[in-house]
Amino acid sequence: MVGFIGRETELQMLQRRYDSGKFERVVVYGRRRIGKTALINRFVQDKPAIFYTATENGAERNLKGLSASIARYRNGLNSVGSPVYEDYRDAFEDVFRMAERDRLILVIDEYPYLA
């Protein structure tokens, strides 16, 4: 991973978890502005991934945003007017079904806003 200085160890750990072939959950946490999102973006850049950044705008808006992120993964970047899931459970169950067929990464950035 030439050009991405100081995060090779973290990238290698993430790659090992990805290569395990098992369900894996990784929590990346730390102070603000230290490069967590950049690290994750770098890791998923060549992998099948759903990436959603939660906002402080409430559960309904986050559910719409997550729904759109899932639709973009499923239908391509030009997915417009995608249906909104009934609730988070439905959204996550759909992602889990997709992950049963193909290796898939789900990233929820700024998770506290979603929770």
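Using r as the Cβ-Cβ distance of Val84 and Asp19, and R0 as 30 Å, what FRET efficiency do you calculate, to the nearest 0.05?
Working: r = 34 Å, r/R0 = 1.13.
For Val84 and Asp19, the calculated efficiency is 0.35.
For a paramagnetic label modelled at 7 Å from the Cα of Gln45 toward its Cβ, which residues of the range 21-36 fall within the zone defined by backbone nitrogen distances under 17 Å?
Under 17 Å, as judged by backbone N against the label point of Gln45, lie 35-36 of the range 21-36.
Which Cα, out of Ala115, Phe51, Ala99, lies furthest along the positive dipole direction of the chain (beta carbon charges, K/R +1, D/E -1)?
Phe51
Counting pairs of alpha carbon atoms under 8 Å apart in space and at least six apart in sequence, what relative contact order in percent does the range 37-104 give? Intermediate results must be reported in sequence, preceding the final value.
Details: 41 pairs, mean separation 20.7, N = 68.
Result for the range 37-104 is 30 percent.
Quick one: what are the phi-derived ³J(HN,Hα) couplings along the range 55-66, Karplus 6.51/-1.76/1.60 with θ = phi - 60°, whole Hz, x for glycine and proline?
Here the 3J(HN,Hα) series is 10, 7, 8, x, 5, 4, 5, 5, 5, 4, x, 5 Hz.
What number, in percent, do you get for the relative contact order of the chain if the mean sequence gap of Cα pairs under 8 Å and at least 6 apart is divided by its residue count? The partial results should precede the final answer.
Working: 91 pairs, mean separation 35.1, N = 115.
Dividing the mean separation by the residue count of the chain yields 31 percent.
Report the accessible area of Tyr113, computed with a 1.4 Å probe over the heavy atoms of all protein chains in place, in Å² rounded to the nearest 10.
About 90 Å², ignoring ligands and nucleic acids.
How would you classify the range 8-82 from its alpha-carbon gyration tensor, with a ≥ b ≥ c the square roots of the eigenvalues: rounded for a/c under 1.5, else prolate if a/b is greater than b/c, otherwise oblate?
Working: a/c = 2.20, a/b = 1.42, b/c = 1.55.
Cα axes put the range 8-82 in the oblate bin.
Give me the one-decimal nm value for the distance between modelled label points at Ile34 and Glu56, 7 Å along each residue's Cα-to-Cβ direction.
2.2
State to the nearest 20 debye the size of the charge dipole of the chain about its Cα centre, where the only charges are +1 on K and R beta carbons and -1 on D and E beta carbons.
Details: 19 positive and 16 negative charges, 83 e Å.
Using Cβ point charges on Lys, Arg, Asp and Glu, the chain gives about 400 debye.
Given a Förster distance of 22 angstrom, what is the FRET efficiency for Leu11 paired with Leu104, based on the Cβ-Cβ distance and rounded to 0.05? Walk me through the intermediate numbers first.
Details: r = 19 Å, r/R0 = 0.85.
Approximately 0.75, to the nearest 0.05.
The values are calculated or read from the model by the stated rules, or taken from the named source; none is laboratory data. Remember, it's a predicted structure, so these values are computed and weren't measured experimentally. As a convention, Cβ positions derive from the backbone with ideal geometry for all residues, glycine included, and neighbour counts pool all protein chains shown. Please note that ligands, DNA and RNA were not included when accessible areas were found on the heavy atoms of the full protein model with its side chains. Shrake-Rupley method; radii C 1.70, N 1.55, O 1.52, S 1.80 Å.
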